Structures are given as structure tokens and as C-alpha cells.
Protein chains: 2
Amino acid sequence: MTPAQTLRHIFEQALQVVRPEPMLTSCLTLKKDVLIVGEQSLKFDLSRFKRVVVLGAGKASSEMARVLERILGPWISAGLVVTKYGHGVSCKKVKTLEAGHPVPDQNSLRAGIEFKNLITSYQDKDTLFIFLLSGGASSLLVLPEQGLSLDDKMALNKLLLSCGANIYEINALRKHVSQIKGGKLSKMAYPSSLLTLIISDVIGDPLDVIGSGPTVPDSSSWAECKAILDKYELWDQLTPSLRTYFEQGVKGKLADTPKSGDKFFSHVKNLIVGNNFTLLTKAAQIATDLGYNTLILSSELQGEAKEAGKFLASIAKTAVKHGCPCALPCCIVSGGETTVRLGQNPGLGGRNQELALSFALDVEGLDNVFLLSAGSDGTDGPTDAAGAIVDGRTIKQARSKGLNGQNFLTRHDSYSFLQAIDALLFTGPTYTNVMDIQIILGEK
Amino acid sequence: MTPAQTLRHIFEQALQVVRPEPMLTSCLTLKKDVLIVGEQSLKFDLSRFKRVVVLGAGKASSEMARVLERILGPWISAGLVVTKYGHGVSCKKVKTLEAGHPVPDQNSLRAGIEFKNLITSYQDKDTLFIFLLSGGASSLLVLPEQGLSLDDKMALNKLLLSCGANIYEINALRKHVSQIKGGKLSKMAYPSSLLTLIISDVIGDPLDVIGSGPTVPDSSSWAECKAILDKYELWDQLTPSLRTYFEQGVKGKLADTPKSGDKFFSHVKNLIVGNNFTLLTKAAQIATDLGYNTLILSSELQGEAKEAGKFLASIAKTAVKHGCPCALPCCIVSGGETTVRLGQNPGLGGRNQELALSFALDVEGLDNVFLLSAGSDGTDGPTDAAGAIVDGRTIKQARSKGLNGQNFLTRHDSYSFLQAIDALLFTGPTYTNVMDIQIILGEK
């Protein structure tokens, strides 16, 4: 295999382990009537329940439901999942809806309404709900509080994104206007038992952030909502319904989001079944088996994509020069989710492509350094590529075709650059999402 | 020791190894009449020479000369070094000048003239010149080509920095207007023997960049100078003397910079005696001796300081959560030189302080993560601090005093923030410069 082929091999093989099938089968075991969950040896005696009802929201959730049907078979009575358009697979008992992502649409609202109908119809102690949560749920599953419409919710979102509020502040308000987010799905399902199985697409796996935390306690309050609306002077910009709603909430006339210790969480268990670190661990193991000295750098990489490319290049350069942090031949893997701050009239690209181009610029001339950077969901930005594979000869190759890498990076046009030199990586949909991975090879 | 004390201990002890004394004594051995240099077993039979003359330019060069006098004693006939104001130490035979840095001044020019006088007076096969080069030399030692003045040189510099030329283009023109840079010191000293001992303050140790490469071949040409002046349309903005000078050069009426293979380099040896990796290696060794699992991440860290802080934080977080890339207790060291792009009305700070503040923001809440980031020369930006020590409690501590870390970072006012919570690190001048170091501790 060439190093580029090796990179692709490691990526594709490692991806297999974060697909719903291996993740769920490795954490769920059915022994007679007992469902054993994870390493914590959490147990559910299914014979104690009258029914098991499957719920799900997220890009991987339809596939997760299919796998769960295979594991639990006849134990499942009914189910409903919502996933992104094109991501639905056929299940036997679980109904699949498709809706909008990253912007919610009428089908997201329809999903919310059907969710509530299903949950309330089975809402008793004899029901075990298994909720399959993955990235994208916030947009795919929407149900505004009584008196609010989807338009109100969208208007609030727009206001929050433009006023300069930070992500904590945005989430506090979002959770307060939803019947699902911020622990309210747990409240809706009470007193049923509820097991949430989560594929994490958020750095650090914060349970209250993934899918806006529908089954975990919320730490924000009406008082904070007031402070945020005051701070950014948003009261006058709210729609009339939102304004009335928040005024009533702030006055204490509406219930707050469920808090830690509330009875609504007494029968709720949340479990991360897979995350970015799962992917990195598998990639490192494959590389080790291929004879590489291997290092997992971080599963929490964030910040500007092109700066991340520089940092990874600085590590690769030291590796091939000094054998640090890893002796050659080495494979250094990292993951997380970087960002791209676009300027005026940007070109086409994605964070992985931009990271790869920046890396290539900084390792130019080294003939033993190679990098793959890609999204585990098979997409990178608004492009049809998952990412790219570059090396120390990439920039020179492009120059021979009259392409200046730095210029393409400056105008955020990494896709056009990488496409012209055949360095893009395509995978199609992978039916999972644990953020991005970078794999560096340093050959002898 | 507290972790903060441990960080300071590792930093200060590691710094000792990159001071001129240990660096020169470890690479120079005098056995009877023979000077043995470095691991390459380069040898100079001093009895073959009529004289050894010491030259030097850079922030560490006066101290280097003092150490060299101690090693070679009576073998030294004469010498001249130029260093930054306040960095001169007293030597026996070597004269020390002080001049301007980072902007050259009349004393830089005076140093250039005295250099040329000294070199030409001893310029024969019976002389061994030992040239002590360290960071800052480009500004401290200046001698424009015949017909050009210091003002011409300064005007060209200003023009180049504002026209958008890249560092390679800037260096090409700078070298062509100097009698010292771009290998011309070797030409000046020919046919004497010349040994250049270098403390590197440039990422990757490129010999043609450190101090503008006075004793290494230059790869740029008059033709390139023309192309650059054309590209940025600089001809009409040149001073009359510069314009005449470049016109003559481009027409082939002036000699080009010395090239690889030229006779001027036949008796020249260049040796890096210390660099950032030397510092990191020592820091890692000290940490290992203290019982830490240790990793050298990179000696070539560059890019935006606040992004570097994020990047190191992402690694620290994964370390304390998963024991990757290093099992706890761990010490992860990196080095290089980051940059800060200042906006309007910036506050006070330096790249290490900005990196540390950004790191602190991203590890907030972790009680077992600690970072030191500092300049090895004891200064960080236009401040009196060398850098800072922060940890996962820094941001909370500051908040209790009413200080918002993110706001201070946004307006590049890291010094004020770190000063208020007593997190600055002070060392005074260290008489060396191998760029910056970051030391992360992850405690159990």
C-alpha cells in the first residue's frame, strides 16, 4: 500500500467501529429476559415491562433503530425515529420520519408532535423507552412550548445567533421554549423508564449539549433567561407570543426546565455508546497492527481549521526530524471539530479540506509526511467530499499546474484546489457522526 | 512542590542548558593544540594558525564570547562582538559593542564598519575566525553595500514590510543590499578559515535565515530581485541610491550573493550548538526525573498564539480524561514561536501570555491541568514578564475578582489579566534565545 492508501485503509476500517451496529452490539447484551447495558452492568429485566418503545432522533438514529430491532427482536412493541433526509433505513416496528438539518422544517415539527402522541399514549410505569440520540437531533425533532409556533422558535434562533450571545446563553433560551430539549423529554415520559443511548458529536461529550440534552437535567433558569434578554436588549425584538411567554416564565407562572434531583430523572439512564475517542482508538489500533508507532494526540481538537493544520504540521515536522513525539514510522491521530471563519465571497471547502491544505503548505518539501483529515459522517462543509489526503509534495504538484496553495487557502477555496490535484476523499454517507479525524503518517 | 512550583523549576533548570556556557562547553573540546567541535568530530589544529579571531553578533553573543575565552584562553588574539543594549558582559580580549534591536541604529552600522576593518586586517590563510551567531544579529550588525546608506536600508525594509512581500522575498532583497548577510561575511573573510557557532532562534533552524545567513550560500539572485521589485511595483518607490544600485545589479554590473559551491565557502563550517529542541529535551528529562510520563510534542510550534493555546488545551483535556497521548501524571512540552495579530487599540501582552490565557479559558474547571508558557530569553512581547503560569482554576479565580478572561483575550490584554491574578512569570534577562517553551502538567 502507498501511504495514501494506508491512510484511507485506516480511516475506512476505523469508521466501521463507530457505525451503529458495532457500537450498539458491543454495549447491549440480551441474556434471556435481561438487557445488560455497557460496562456499568446496568440491567433491565424486560419481563418487568409491558412494552419496550423505541424513540430516536439524529443522523444515525434510523440505523441505530434497525440494529436495536435486531438485538431486542420481539421485545419491541413500537417505535418512532426522526433522521435527516436520505438517512432513513427500513425497520420492522419502528416508524422512520425524515426532516430538515441543519435548519428545522415542518417535518421536524411533525416529528415533535408524533413523538409526544406516542410517548403520552404509553406513559406509565410499565413502559421502557429506549431513546437513540445522535448528532442533528436539535434540528430534526422540534416541539415548541404551548402557545409558541415553529416560526417563533426560528425567529428566536435568528435573534440569538446575531446578537452575540454565547453558546451557553443560546442553549438556555432554546431549552426554555421547547417541550423536548433541556430534560423535558424525561418529564414527558415520566413515570416510564427511559434509557438514552448516545452517539456523541460534541467535543467533551457534555450530556446537556448533545441534541440539547432532552433527557438530562438543565442547569439554566428563568432568571437567567431574563438576564440574557436584558443583556442583549432582546425584549423588543421578540415576536408577541415569545414576549408573552418569557414574561409569564419570568414571573414564575410557567414551570422551569427540570433540574438535577427532580423525580423526572429517577428512572432515566443516559449512556454514551460511542464518540470521537472510540474512532481514534480504533484508528490507532489498526495503525499499530500495521507496524506504526502510534499516538492519540487529542479527541478534543477545536479552533480555526487552518491553525489546527499548522499545529499538526509542526508536530509532524518534529516527528520526522527528531522522532518526537513518536519514533518513525509513526501514526499520530487526533479528532474533534474545528471551525472556519469565512470572509467575504469565500470559495468552496470544508473544515477538513481547509485543515489539510494548511497542513500541506507547512510540510512542503518533506517527502515522508502524509495526512488524512475527514468528517466521520462522510461530509465536510457544503461539499460532496468527506475530506482530503495530502502530503509534503502536494503544494509542489499543484504549483506545476499553476495553482498557488496559499491563495486558495486565503480565499477559503480548498475544495477547488484539492479537486484539481485529485486529493479529495469521498466516502458517501456513513450513517454515523462522531465528528472529524486527522491521521498523520511519518514514514522512515 | 506545588505544580506551579514544579513548572517553574523545570523551566528554570532547563534554561540552564541553553545558556552559552553549557552549550559551548558541551560542543567544544580543546585537546592540546586541537579544537574538537561537536559530535561531527570536526577538528581544528590551532597550531596551524597564526591567530584565532572571535566575531559575534546577537543577543547571546557577548556571553558566548566570554565562554569561548574561557575555553580557548591564550589561543585568542583578538575579537569583536555586537549585542543588544544591556546584554554586554566583560571579556578579556574580545571587544563588545552594543546596538539597536529590533530596529538597527547608528551603532549597528558602526559595528558593521568595525567588523569589516577587523576582518580585512586579518584576512589570510593563517587566521581562524570563530563567529558566534545568535538571534538578533540581522538588526545588531549592519553594513550596507557600497553607495548605500543606513537610511537606504531602513527605507527598503519599510517598503518591503508594507508591500505584502513574503519572508523569502524580503530576505532576498535584504541580502542583496548588505555586505554581511547572504553569505557575504564568508566572502569578506576568504581565504581565512571560518567556524560559525549558532544558537538558533528560528523554527526549523534554517541556516540561511538565522541572522540572515552571513556565512552560508544564498539561493536568491539579481533576477529574483528584479522580479520582486516588478511584482510589487517598487521601482518608483526606491530611494535614488537604491534604484541605481538595483539597476546596476540587475544589469549584471555587480556581483551576486555567494552561491553554493563558491570558493568562499571552502573553509567555512556552520554548526548549530543549541536550539529549541535542546531546551525541550532538557525540560523533558527533568520532568522524567521528577516521575512524570513525558512527551515532546513539537519544537516547531507556530501560528496564532490564542489558537496554539486552544490546541494545547485540547491535548491536555484528552490527557487527563483518557491518559492519551500520555498517562498521568504527565508532562507534555512544546516549543517554537507563535504570533499575535493585534487589532485596533490592543492592550498589553505577549505571545506566551496570550497563549496561556487562551489555554486557561479552554481548561476551565479541570483541577489537575497546569501550563507554563514563556520566552527563553526572559521577555515576552513589549512587557517585563517572560510569560505566565496558569491552570484550570485561573479563570474562576479571576472571575471572583470581577475579571472576564474572554474579554481580556479579545482585546489582547493578557498582561493586565495575568498580573491581576499574580500569574505572570518573571526571570530577568537569560542571555540566550531559543524561542519559547510550553510545559503542561497533567496530575493524577
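Tell me: how much accessible area in total is hidden between A and B, 1.4 Å probe, Å², nearest 100?
About 2400 Å² of accessible surface is lost on pairing.
For A:Arg243, put the label point 7 Å out on the Cα→Cβ axis and report which residues of segment A:130-171 keep their amide N under 17 Å from it.
What the label zone holds, given the 17 Å backbone N cut-off, is A:148-149, A:152-153, A:155-157, A:159-160.
What share of the DSSP beta bridges in segment B:284-441 is antiparallel, in percent to the nearest 5?
Of all bridge pairs located within segment B:284-441, approximately 75 percent are antiparallel.
Of A:Lys231/A:Lys251; B:Lys95/B:Lys175; A:Lys321/A:Lys401; B:Lys84/B:Lys181, which pairs sit farther than 20 Å apart, going by alpha carbon to alpha carbon?
Check vs 20 Å cut-off fails for B:Lys95/B:Lys175; A:Lys321/A:Lys401.
Compute the separation of the alpha-carbon centres of segment A:37-112 and segment B:286-310 and state it in Å as a whole number.
First find each Cα centre; the distance between them is then 44 Å.
Which of the peptides A:392-403, B:268-279 is most tightly packed, and how do the rest follow, going by the mean number of other Cβ atoms within 10 Å of each residue?
The packing order, highest mean first, is B:268-279, A:392-403.
When the Cα atoms of the protein assembly as shown are enclosed in a convex hull and the volume is divided per residue, what value in Å³ results?
178
For segment B:42-174, give the magnitude of the charge dipole about the Cα centre (Cβ charges: +1 Lys/Arg, -1 Asp/Glu; no others), in debye to the nearest 20.
Dipole size: approximately 500 debye.
Grab the DSSP H runs of chain B that are 4 residues or longer, score each as -39,500 (n - 2.57), total them, divide by all residues and round the 222 nm result to the nearest 500 deg cm²/dmol.
So the helix-based figure for chain B works out to -11500 deg cm²/dmol.
How many angstrom lie between the Cα centre of segment B:245-285 and the Cα centre of segment A:239-259?
The distance from the Cα centre of segment B:245-285 to that of segment A:239-259 comes to 71 Å.
Show which lysines lie in cross-link reach of A:Lys396 when reach means a straight Cα distance below 18 angstrom and same-chain residues fewer than eight apart are skipped.
Of all the lysines, those that pass the test against A:Lys396 - Cα under 18 Å, at least 8 places apart if same chain - are A:Lys310, A:Lys317.
Three principal axis extents, largest first, for the C-alpha atoms of segment B:289-364, in Å?
Here the spans come out as 44, 25, 19 Å, largest first.
By DSSP, what percent of the beta bridges with both residues in segment B:1-85 are antiparallel, rounded to the nearest 5?
Once the DSSP bridges in segment B:1-85 are tallied, antiparallel ones form about 55 percent.
Percentage of Cα-Cα pair distances in chain A greater than 42 Å, rounded to whole percent?
Taking all Cα-Cα pairs of chain A, the fraction more than 42 Å apart is 21 percent.
Considering only protein heavy atoms, with the full assembly of protein chains and a 1.4 angstrom probe, order A:Tyr415, A:Tyr85 by accessible area, largest first.
Putting A:Tyr415, A:Tyr85 in descending order of accessible area: A:Tyr85, A:Tyr415.
On full extension of the chain, what length is gained from B:Lys158 through B:Asp256, given 0.36 nm per residue of separation minus the C-alpha to C-alpha distance?
33.0 nm is the gain from fully extending B:Lys158 to B:Asp256.
Shortest first and in nm with one decimal, please list how far the B:Arg51 label point sits from its counterparts in the other copies (point 7 Å along Cα→Cβ).
Counterpart label points of B:Arg51 in the remaining copies fall at 10.3 nm.
For A:Arg110 and A:Gln16, FRET efficiency with R0 = 35 Å and r from the beta-carbon atoms, rounded to 0.05?
Rounded to the nearest 0.05, the efficiency is 0.55.
Evaluate the relative contact order of chain B (contact order divided by residue number), counting alpha-carbon pairs under 8 angstrom at least 6 apart; express in whole percent.
Normalised by residue count, the contact order of chain B is 14 percent.
For B:Gly213, what charge total do you get from the other residues with a beta carbon under 13 Å from its beta carbon, if Lys and Arg give +1 and Asp and Glu give -1?
Value of the local net charge: +3.
Would you mind getting the accessible area per residue of chain A, heavy atoms of the protein chains only, 1.4 Å probe, in Å²?
39
Which whole-number percent is the relative contact order of segment B:212-258 (Cα, under 8 Å, 6+ apart)?
54
Pull out the extension gain between B:Asn345 and B:Ile36, defined as 0.36 nm times the separation in residues minus the alpha carbon to alpha carbon distance; nm, one decimal.
105.9 nm
For the ranges B:229-239, A:429-439, B:89-99, what's the packing order if you count other beta-carbon atoms within 10 Å of each residue, average per peptide, and put the highest first?
A:429-439, B:89-99, B:229-239
Students often check this: by mean Cβ neighbours within 10 Å, which of B:11-19, B:30-38, B:299-307, B:68-76 ranks highest, and how do the rest follow?
Top to bottom by mean Cβ count within 10 Å: B:299-307, B:11-19, B:68-76, B:30-38.
Along the positive direction of the dipole of segment A:1-69 (beta-carbon charges: Lys, Arg +1; Asp, Glu -1; about the Cα centre), which of A:Val53, A:His9, A:Leu35 reaches farthest?
A:Val53
In segment B:1-159, what percent of the accessible surface is made up of carbon and sulfur (1.4 Å probe, ligands and nucleic acids excluded)?
About 50 percent, which is the carbon plus sulfur part of the accessible surface.
Take B:Ser400, project a point 7 Å from its Cα along the Cβ direction, then tell me which residues of segment B:1-19 have their backbone nitrogen under 19 Å from it.
Within reach of a label on B:Ser400: B:2-5.
Treating the beta-carbon of each Lys and Arg as +1 and of each Asp and Glu as -1, no other charges, what is the dipole magnitude of segment A:34-120 about its Cα centre, to the nearest 20 debye?
260
At a threshold of 8 angstrom on Cα-Cα distance, excluding pairs fewer than six apart, so keeping six or more, what relative contact order does segment B:139-257 reach in percent?
31
Just going by the charge dipole of segment A:244-401, with Lys and Arg at +1 and Asp and Glu at -1 on Cβ, which of A:Thr244, A:Ala284, A:Ala313 is farthest out on the positive end?
Comparing the listed Cα positions along the dipole, A:Thr244 ranks first.
Quick check on the protein assembly as shown: of the DSSP beta bridges with both residues there, what percent are antiparallel, nearest 5%?
45
Determine the dipole magnitude for the protein assembly as shown: charges of +1 sit on the beta-carbon of Lys and Arg, -1 on that of Asp and Glu, nothing else is charged, the reference point is the Cα centre, and the result goes in debye to the nearest 20.
720
Skipping prolines and chain starts, which residues have an amide H placed within reach, meaning under 5 Å, of the one on B:Thr196, given they are 5 or more residues away or on another chain?
Counting only residues 5 or more places away or on other chains, the set is B:Phe131, B:Lys269, B:Asn270, B:Leu271.
Using a 4.7 Å Cβ cut-off, which Cys residues in chain A lack a partner cysteine?
Within chain A, the cysteines lacking a partner Cβ under 4.7 Å are A:Cys27, A:Cys91, A:Cys163, A:Cys225, A:Cys324, A:Cys331.
Sort shortest first the distances from A:Gly261 to its counterpart in every other copy, using label points 7 Å along the Cα-to-beta-carbon line, and give them in nm.
Listed shortest first, these distances are 8.2 nm.
How far is B:Trp235 from the same spot in each other copy, in nm, shortest first, if each label point sits 7 Å from Cα toward Cβ?
6.8
The values are calculated or read from the model by the stated rules, or taken from the named source; none is laboratory data. Keep in mind that what you see is a predicted model, and the values were worked out from it rather than measured. Cβ: placed from backbone, ideal geometry, glycine included. Neighbour counts: every protein chain shown. These accessible areas exclude ligands, DNA and RNA; they are computed on the full protein's heavy atoms, side chains included. Shrake-Rupley method; radii C 1.70, N 1.55, O 1.52, S 1.80 Å.
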